[in-house]
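Scroll down for the structure; my scribbles are underneath it.
The values are calculated or read from the model by the stated rules, or taken from the named source; none is laboratory data. Quick caveat: nothing in here was measured; it's all calculated off a predicted structure. Note that we place each Cβ from the backbone using ideal geometry, even for glycine, and neighbour counts take in every protein chain shown. Calculation scope for accessible area: heavy atoms of the full protein, side chains included, ligands and nucleic acids excluded. Shrake-Rupley method; radii C 1.70, N 1.55, O 1.52, S 1.80 Å.
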Amino acid sequence: ASAEPGPLAVGYLFRAGGRVAGVFPDVAVIDEPLREALAACDRVWFDGTFWSEEEMHPLNGRSAREMGHVPVAESLAPLARLGPGRVAYLHLNNTNPLLRPDSAERAEVLAAGLRVAEDGEHVQIGHA
């Protein structure tokens with residue numbers, strides 16, 4: 001028996017003062033409708049659950065996509081095209097090397113003009 005596919009992306013858009021912030025914590029596929037939504041955002045927080053497709057395979061036999069997450073290694077290039085300072089990864093699994101500030105993976109994300117969201121981060125969109 002095969003299971004019905006779930007949603008390809010879960011995201012929330014927040015609009016204020018003509019600005020848009022997007023939070024996309026659960027993304028399985030970056031398709032054209034999602035690319036358009038991302039491009040319309042001034043700031044984006046994006047699914048950073050797993051760095052690689054096979055990160056969890058040794059632990060549970062499942063790939064990142066089987067668990068509904070596009071790996072950071074694959075989302076990095078499309079998100080970098082949005083421009084520096086617009087995107088931060090969130091929702092990182094404890095196996096993701098991005099959690100280590102000194103990792104090569106974190107350096108790659110930073111070099112692409114992206115970042116990793118910090119606990120307790122506050123952001124204001126729109127006008128005060």
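Quick check, is Glu54 exposed (fewer than 14 other Cβ atoms within 10 Å of the Cβ) and in a loop (DSSP other than H, G, I, E, B)? It is true that Glu54 is exposed (fewer than 14 other Cβ atoms within 10 Å of the Cβ) and in a loop (DSSP other than H, G, I, E, B). Only residues that are at pLDDT 95 or above, assigned to a loop (DSSP other than H, G, I, E, B) and under 20 Å from Asp26 (Cβ atoms) were counted across the range 96-124, and they come to 3. Tell me yes or no: at least one residue of the range 63-75 is open to solvent by less than 10 Å² (accessible area, probe 1.4 Å), closer than 17 Å to Leu90 by Cα and in a helix (DSSP H, G or I). Within the range 63-75 (the criterion being open to solvent by less than 10 Å² (accessible area, probe 1.4 Å), closer than 17 Å to Leu90 by Cα and in a helix (DSSP H, G or I)), the answer is yes, since at least one residue qualifies. Of all residues in the range 30-51, exactly one satisfies the criterion of being assigned to a loop (DSSP other than H, G, I, E, B), out of contact with any strand residue (DSSP E or B) (no Cβ under 7 Å at 6 or more places or on another chain) and loosely packed, with under 14 Cβ neighbours inside 10 Å, namely Asp31. Within the range 100-114, the set of residues being surrounded by fewer than 17 Cβ atoms within 10 Å (Cβ to Cβ) and within 13 Å of Arg86 (Cα to Cα) comprises Leu110, Ala112, Gly113. Summed over the range 12-28, the residues that are touching a residue at least 24 places away in the same chain (Cβ under 8 Å), open to solvent by 40 Å² or more (accessible area, probe 1.4 Å) and in contact with a strand residue (DSSP E or B) (Cβ under 7 Å, 6 or more places away or on another chain) give a count of 3.
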